[in-house]
Every structure is written in structure tokens, then in C-alpha cells.
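Contents: one structure, followed by commentary.
Computed from the coordinates by the stated procedures, all read-outs in this text should not be read as laboratory data. All of these numbers come straight from a predicted model, not from anything done at the bench. Virtual Cβ from ideal backbone geometry, glycine too; neighbours counted across all protein chains shown.
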């Protein structure tokens, strides 16, 4: 394999993992836009998506397509219940309190997952086979990687359509810009918040499900992916959708190139270092608008 | 009259209480502490080892216990962290009168507990993998201050590495890449391979690391492959055991893949799927019990144990189950010989010679608190959802 | 007068200062008495870990509760204290106490280097920056093997000693650690009573307003960040000399999250709340082991419940509960106790 083929491999690998980070980042963004908080339970949505696929496809032998949507719906429901229950009833709306509440809920979900599925990693069958595909640039990928790219692209299109062209999507964007104004024009802010958690649950589940055949899944797979997805969201500009994709891609490719060209031991350190560097230069992320402070 | 009788009865009962409950209320169980990683990042290993130890304990109790006393295991959870491991240790030492300790799981937790175990003076049979547990002196400035109360059941990681290198040199592999998980076990492996490989004429031409929870190692493998390796060793336990064979298959790398001595476990197949076919690794004999030659003295014992494990837990034992089992059996054996006295148990363990364990034949001496050698390790190949013993 | 966090912003009248002295005295009395009443070495180690966490949490509370910033990377400073102390004393035979001071200063310097640019960030960006920093330091602990011993950890750290007295068991370390806790809380209290404390509270209330009143907000933010890092460093050094073995896994982002949780549960902006937060969460974490394998779920549920129902922190929550009872009872006997309790 000559050098240009190596680079091509690094980049393709980076893009595929970057796509996952992008989806997770979008999940973080949706909740941030609706509520202003970071939902650390996003990590559990990812794990639960993967584990749910495992139960449905491997244990109950339900076809992959149906399992996909059932899992998405289930995790979405869990997200909604999380909002409707603990988050809604929290006495304080302080952002830091709610963030740590999501951390507490995340721990509860993770502990429950551990009880149900145990601690082992499990494999999930690939959506369409495992024979490597050889690309013209000299890199190889698995069919599952094509699914990752395809589904990520689809998700992007669907979300874009949702937020631009549907009433509900526009209402959500309105809530993100200014909650009071949105309420004044008749948007039910409570429903928007609920929807944001449900959507974010669905996105987390999708991320977990499409990566599971490649990486195996377990009750805590989502932690590192969630953390890096959050980093991707921040890198791209927290709350900005194009930023989520950009951040995800950059983080994924950087990690891969770092491992391949520099040092695999310091790959994560390099990625975070670059993140810090970007933040110091542009404190609101690459495409962020800046969090305005109410005086 | 009645009052006097009552007083006498009451006083005798009180005396009974004070003198010793075993005499009045039946034999007290002998307690052993089981400290494992039951939650946290090593939970899947810790729970498997706990199960392995439980089989041994149940077996002893079914046969009537030790001198009529039942064996009871008091368990604590290290949560896979050193601080909690030390707290668990102190808690057990306080709350219960335990004769010996079995565990822990992770090398980091073992190292944290070691100092306190030596201070307390209680025999501990560990099943953590790190050679450093027995090799690192207790005092920095005194290289002879080796642990007296600590023993270890897994064979030396160095020997496992040696076994792989020996196999490689027999099969004409001379340039290898070493892909390791960027934490204690993996880095230990890196040190080992640099020492062992030259002994067998093998050269390490590429070293790459990955984080334990990473999902894709194609970048590292690509870089390694570009250096023209004719063999790859992947040194990790956890999901990466399965991800790496998949990546190798994806990239179409032809060089044979070897994994570490912890990979011989049913979970390997769960995570690797079809890509696991043909991967080779060193292992304890427990996973290929039926393929052992009849002349192997361990065969019967291992087969019996595997049967009991299958019946109780409804799954196949992995290679690391052997470590937990041996730790339990050797400790129990010592207690059978000398009773529940800590110092005597320690001495008995230290003089365990020719013991037919599951991981191998143990010859423990004051200098070698592990007692296994390369002879006890076998090379196996992953094939068709199971394992094939290689010679 | 309270800001939106329920954090009291008024200056302290003399009567409350007297009560404060009483509280500190009570703390000393309890510290001295505990080993007499508690013989269990296990309880001592739990209390020691609580003490070490309290030191970190007190410093962190200055940053989060009073200055209104956030840090999800303080495990790094705790770790830097451990590693600097550990490496200097175990590998190079440095005298122990100067090593601790060097560790504190070195950690403070690193905190300044990272804090100066990082604290220009706001909100979630600051969260990510501190989180990223914490992860980078944790990775370095494992990678720089010649110094740190890598992932196998650093062994053979000598216990601290003063004159002929060596702090090599749980009881002696109890006194040592809690003496430090007392001292650190005193330092924090004095800081909060001073101009600096008032400036911090102003920044928390409204950074823009504080700026317009002439408070150099960025300078104060960095200084309190450095100070909180130094607190964590001291605690880390004590930990290293106590357990005599350290490894990178202790200083991961889970620990960073844990200490911030202790700040919140105890009550942001409440000095004594730091002690309560550390104590409650550490105790609960150990006590929940009775739930065996369910203890992770139980801990998550417990934490969530506190955050839902007692978001101002356990201490303030108890206060409010007490006050509402007072309205119903109006028993004179309760009042002095309430006034004293109110001081917290």
C-alpha cells in the first residue's frame, strides 16, 4: 500500500467515525437549542440503541429493518419519559443542576442496562453483509460503512427538511431563538422541549445502531462516543447543525490521521488538543454564534 | 429452688457464649474474602472470575466442607478502581475474620491493595494478569523486598508472549507488528514482546496503540501493513479483540493475526463473528479440554470442572475462568491441610508443589509465587465458533 | 438578597461571624472525638477519603459556587498533586513537605496556563475545554512512563512524616488529613469574607455588572481557578502519601464529575455544604454496596432525587425544611438552634 492509499484509508475511516460523531452531535444540539442544557444521557441513548438492536435482531430474530425502527421508537420514548418525568419535575431550572440531573439519570439508565444485558460486549449482524468493498482510491471499507454514510446523509436531509419546511420544525427553531417570544406567538414550549428529547433519543439510537455491527456494543459503548460527539458539537459551534457535521467530520478525520501519521498513543490527546486550540482561537466553535448573556 | 436452677442455666449459657460459639451453636464457617471487579470497566472479567471461584467453593461444601466446617465466601466489589479496592479490602478485614483473600481482577487494584495486604499479613491469591504484582519490590530502595503474602494464579504474561514468539519462529514469521491497548495490560505486553521476540529471532518492526474503547483500528493496521509485517499481535481484552480481526479482514491483510492469552473466551466469537476464523492465541487448557491427549494428567480434572461450569452457568468457560478456579482450589487445599490460620495457610501455599490445577501444574516456591511455566500454556486457533488445539 | 442560585450575597454581620467560629470549633471537637468513638479502620479510611474529597470540593466550590464558573477537569489537578509529590519523593528522594509545596506551585502554574485562555470561554465551551484538558492530562499520566510509571502506576511513595512521627496508618492519616481540611476551610472562609470574596460573588451575580463596577473579572476568575487547582493539588499529595500507590485510573473524568456533583449536592456557594456534599456522596457510594449489583442504579436514583428535589443543596434544603416547620411551631426552644443552624 503506497502512501496515498494509506492516506485515503485514514480519511475514509475518519469520515465514517466522523459521521457517527456528527449524528450524536446533532442530538446534543437539538436539546441544547430547545432547553439550553447538555443532555449527558445522550451517551445512554447510543448504548441503548445498540443493545436494543441486539435483543431484537439476535435474540428475538426480528428482521433488521423492523428492529431498526422499533429501537428508534423505544429509545425515543425513553428520552421523552426522561423529560416528562425527572426533568420536568426538577424544582430548579438552573442549567448546571439540570446537566447534572442528566448525569444522574444517565447513571441510572446505565446501571439498568447492566442489569438487563450484563457487562459483555455483543455483536450485531451487519445490515447487508461483511465482505470488504475495494474503493478506487485504494482504501477498503465494509458495506456497513456505506450504511453509516447513507443513513447519516438521510438523517441530515430529513432534519433539514423538518426544520425548514414543517410547522413543527419551525416552531422548534423559534423556541431555540427566543422561548418567550415563541410562547407569545402560540408555540407550546413544553411540547417543543418534549419533542427535542424524543428526537435526540432517536438520533442517539440511530448512531448506536449503525456503528454496532462494526464496533460491537455493550451497556456502556455510548460513553466515549457521546463524549466525542459532544466535543464535535462544541468544535463546530454548539447548537449549529452545519457545525455538528463539520465538527464530527473534523474530529473523526483528525483522530484517524493522528493515529496513522503521528502517534497512535497520543491520538485522543491530539484530537482534544486541537479542540482546545480551536476554542481558544474562536471561543464559540467554528460556526457558533456565541452565547449571548442576558444582562 | 427454681430461681437457683434458672440462674445456673443462665450462667452456663453465658459462659458458653463467652467461651466460644462453635462449641455451643455448631461449627462456624471458614470465611474467605472474594474481592472482584463486579462493576466498572472490568466487570465482565470480574464477574466471570467470581463465578469460577463460586464453583470451587460449592464443590468443597457439597463434599462436606473442611473438617465439618462450611466454606463461606464474603464478597466485595472493587468497582474496577484502586481507591475503592483498598476500601473494600479494609472493610472485609474489619468486618469479618477471613482466613485468606481471593482476587482482585485488575492489576491496578491489585497493586494498590498489595501494600496493605503485606502489612496486615493475610495470604492473598490474586488472579490479575500483571507480572508487576510479584516482580515489583515493596520498597523502592530494596529490590529484595518482594511480597510474602501475595500469590498470583495467571501464568506470566512474559511466558504467554514467549509462546507466541516461539510459534512464530517455528512458522517462519520474522517481522511483526504489535498492536496494543493503551492501558496497563497492553503496555505491559509491549514491554514483554520487546524482550521475548528477539529470543526467538522475531523482530518487532511496528508498534501501534489504540484506546480500549475505540471502535476502529484500520488506521493503525494500515500503517503497520505498510511496513511489510508478516505477523500481527493484538494485545488487548475487551471489544477490540473482535474489532481488530474485522478490520484485518476489511483491509485484506494477509499476515496471520495473534491475540493475547485472554482472548480464548466465548465472547471472542460474539465480538469477532466470522472474522475471528483463524486467529491464534496462547491459552490455558480449559478451552480445549476434550482435545487434550489422554496422557495429559490435567485432562480429567479440567473436563470435570468444565462440566460443572457448564451445568451451573449454562455457558462455556473462557480461559480466564481457569485463573479464578485455581486461586480458589489452591487456597482451599491449603486450608484443608493446615486449618484457618493465616500464617500457616501462607506457608502451605508457598510450598505447593506439583499441584494439578486447571491453568497448569503449579510449583510454587518462596521465589516464585506463581508457579507456572511456559509448559502449561497451549497455542489454540479460533475456528468454527470454537477452538482447535495447535501443537 | 440572593442571586438566582439562592446564594447569599450580603456581607456577614458580627453575630454570624461568632457563629462561624462556633462551627469551626465544633468541627475541631468532632474531629478529635471521632477516633475515640470509632475504632473501625474501615470507617477511618472512608472518613479519610471524605476529607480528601472535601479539600478538593471546597476549592472547587470557590470556583463554581462563588465565582460561577465550571470545571469538569479538576481530577487533573488532584492527579498532578499526587504525581508531582509521588515522583519527587519516591523517585528522587525529595523531602516530603517541600515536595508538596512544589507540587502545589507547579499545579498552580499549569492551572494558570490553561485557565488564562480557558476562562475566556463561556458556558458549555468552558465545560468542554476543562473536560478536554482533564482528559489530556490523564492520557499523559499514562504515557510519560519514565516519570509516572505509566499505567502500572507509581509505587513506593513514602508516607509523610514530621520529626519522628510517620503518618503510616489510618488513624494518623485521619488527624493529618482532617487538620488540612480544617485549615483549607479556614482559608476559604477568610477569602470569602474579604474583598476577594465580595468580588467573586459580584462576578457570579452578573459578570457584566461587576466589570462595569471596576472589578477585574478575568483576573479574578483565573486566580480563583488557580487557587482551586492548588487546593486539589494539596489533597492529591496527601492521597499519594496515604495510599502510597497511585495510577492514572484514579484521575479520570468520572472523578471530575464526582467532585462537581459533590459541590452541587452540598450546595453551590455554601462552604459547609462542601463538607456535607463530600460526606453524603462518599458515604452513600459505600453504603449502597448493600444493594450489591444494583448499587449503580441506586446511586443514580439517589443523585437524581437530590437534584430534583433539593437543587440548592442538601444543607440549604434542610434549612428551608426547618424554616417551614418553624412557621408552624414557633417553639422558643428551637429558635436559638435555628439561628445557629442558619449560619451555615
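Identify which of C:257, C:136, C:49 has the largest mean-square fluctuation in a Gaussian network model of chain C, with springs joining Cα atoms closer than 10 Å.
C:136
Return the Cα extents of region B:90-158 along principal axes one, two and three, sorted largest first, each rounded to a whole Å.
Cα spread of region B:90-158 along its principal axes, largest to smallest: 36, 26, 17 Å.
Averaged across the residues of A:213-219, what count of C-beta atoms belonging to other chains lies within 10 Å of each residue's C-beta? Can you show the working numbers first?
Numbers: counts 2, 6, 10, 13, 3, 6, 2.
Going residue by residue through A:213-219 and averaging, the value is 6.
What's the whole-number percent of alpha carbon pairs in region C:201-333 lying beyond 17 angstrom? Intermediate results must be reported in sequence, preceding the final value.
Details: 6337 of 8778 pairs.
Every Cα pair in region C:201-333 considered, those over 17 Å come to 72 percent.
Counting only other chains, what is the mean number of Cβ atoms within 10 angstrom of the Cβ of each residue in peptide B:34-45?
Working: counts 0, 0, 0, 1, 5, 9, 5, 6, 1, 9, 6, 2.
For this peptide, the per-residue mean of nearby foreign Cβ atoms is 4.
Can you give me the three principal axis dimensions of chain A from its C-alpha atoms, in Å, biggest first?
For chain A, the Cα spread along each principal axis is 61, 50, 36 Å.
Beyond 13 Å, what share of the Cα-Cα pairs of region A:15-73 remains, rounded to the nearest whole percent?
Percent of Cα pairs beyond 13 Å in region A:15-73: 67.
Distance between Cα centroids, region A:19-41 to region C:76-146: provide it in whole Å.
Value for the Cα centre distance between the two parts: 30 Å.
If neighbour count is taken as other Cβ atoms inside 10 Å, put B:73, B:280 in order from fewest to most. Before the final figure, lay out the partial values.
On the way: B:73 18, B:280 23.
Fewest-to-most ranking of B:73, B:280: B:73, B:280.
For chain B, what's the relative contact order in percent, using C-alpha pairs closer than 8 Å and at least 6 residues apart?
Working: 780 pairs, mean separation 58.7, N = 391.
Computed over chain B, the figure is 15 percent.
Between rounded, prolate and oblate, where does the protein assembly as shown land on the alpha carbon gyration tensor, with a ≥ b ≥ c its root eigenvalues, rounded for a/c under 1.5, else prolate if a/b exceeds b/c? Kindly include the intermediate steps, with their values, before the conclusion.
On the way: a/c = 1.63, a/b = 1.09, b/c = 1.49.
Oblate.
With the contact rule set at Cα under 8 Å and sequence spacing of 6 or more, what percent relative contact order holds for region A:9-281? Kindly include the intermediate steps, with their values, before the conclusion.
Numbers: 445 pairs, mean separation 113.6, N = 273.
Relative CO of region A:9-281 lands at 42 percent.
What does the highest-first list of A:251-260, B:97-106 look like by mean Cβ count within 10 Å?
B:97-106, A:251-260
Mind ranking A:103-114, C:276-287 by how tightly packed they are, going by the mean number of other C-beta atoms within 10 angstrom, highest first?
Working: A:103-114: 22.6, C:276-287: 20.8.
So the peptides A:103-114, C:276-287, ranked by packing, come out A:103-114, C:276-287.
Distances longer than 24 Å among the Cα atoms of region C:14-342: what percent of all pairs is that? Let's see the in-between values first.
Details: 30525 of 53956 pairs.
Result for the distance tail: 57 percent.
What is the order of A:167, B:224, A:146, fewest Cβ neighbours within 10 Å to most? The partial results should precede the final answer.
Numbers: A:167 8, B:224 24, A:146 14.
So the ranking, lowest neighbour count to highest, is A:167, A:146, B:224.
Who wins for biggest fluctuation among C:223, C:292, C:120 in a Gaussian network model of chain C, springs between alpha carbons below 10 Å?
Of C:223, C:292, C:120, the most mobile in the Gaussian network model is C:292.
What average count of beta carbons from other chains do you get within 10 Å of the Cβ of residues in C:156-166? Each step should come with its number before you reach the end.
Working: counts 9, 2, 3, 0, 0, 0, 0, 0, 0, 0, 0.
Per residue, the average neighbour count from other chains is 1.
Just to confirm the number: angle between the C-alpha axis of helix A:3-35 and the first principal axis of chain A, 0 to 90 degrees, nearest 10?
That helix lies at roughly 10 degrees to the long axis.
Give me log10 I(q)/I(0) at q = 0.19, 0.24 Å⁻¹ for region B:217-277, Debye formula, one equal scatterer per alpha-carbon, no solvent.
For region B:217-277, the Cα-only Debye profile gives -0.62, -0.98.
Mind ranking B:231-239, A:21-29, C:191-199 by how tightly packed they are, going by the mean number of other C-beta atoms within 10 angstrom, highest first?
Details: B:231-239: 25.6, A:21-29: 29.9, C:191-199: 16.1.
Taking the mean over residues of other Cβ atoms within 10 Å, the ranking is A:21-29, B:231-239, C:191-199.
How large is the translational diffusion coefficient of region B:47-144 in µm² per second when you combine the Kirkwood radius over alpha carbon pairs with Stokes-Einstein at 25 °C and 0.890 mPa s?
Estimated diffusion coefficient is 168 µm²/s.
Taking the alpha carbon gyration tensor of region B:55-102, what are the square roots of 5 times its eigenvalues, largest first, to the nearest whole Å?
Details: eigenvalues 135, 30, 7 Å².
With the √(5λ) rule applied to region B:55-102, the semi-axes are 26, 12, 6 Å.
What is the Å³ per residue value for the convex hull set by the Cα atoms of chain B? Please report the intermediate quantities before stating the final value.
On the way: hull volume 59.4 nm³, N = 391.
For chain B, the hull spanned by Cα atoms encloses 152 Å³ per residue.
What area, in nm² and to one decimal, does the C-alpha convex hull of region B:285-391 cast on average over all directions? Walk me through the intermediate numbers first.
Numbers: hull surface 30.2 nm².
Result: a mean projected hull area of 7.5 nm².
Do you know the relative contact order of chain C, to the nearest whole percent, from alpha carbon pairs under 8 angstrom that are 6+ apart?
Working: 489 pairs, mean separation 102.8, N = 344.
Averaging sequence separation for qualifying contacts and normalising by length gives 30 percent for chain C.
Using the 10 angstrom Cβ neighbour count as an exposure proxy, how do C:161, A:16 rank, fewest first? All intermediate terms of the calculation are to be shown ahead of the outcome.
Working: C:161 15, A:16 26.
Going from least to most buried by this count: C:161, A:16.
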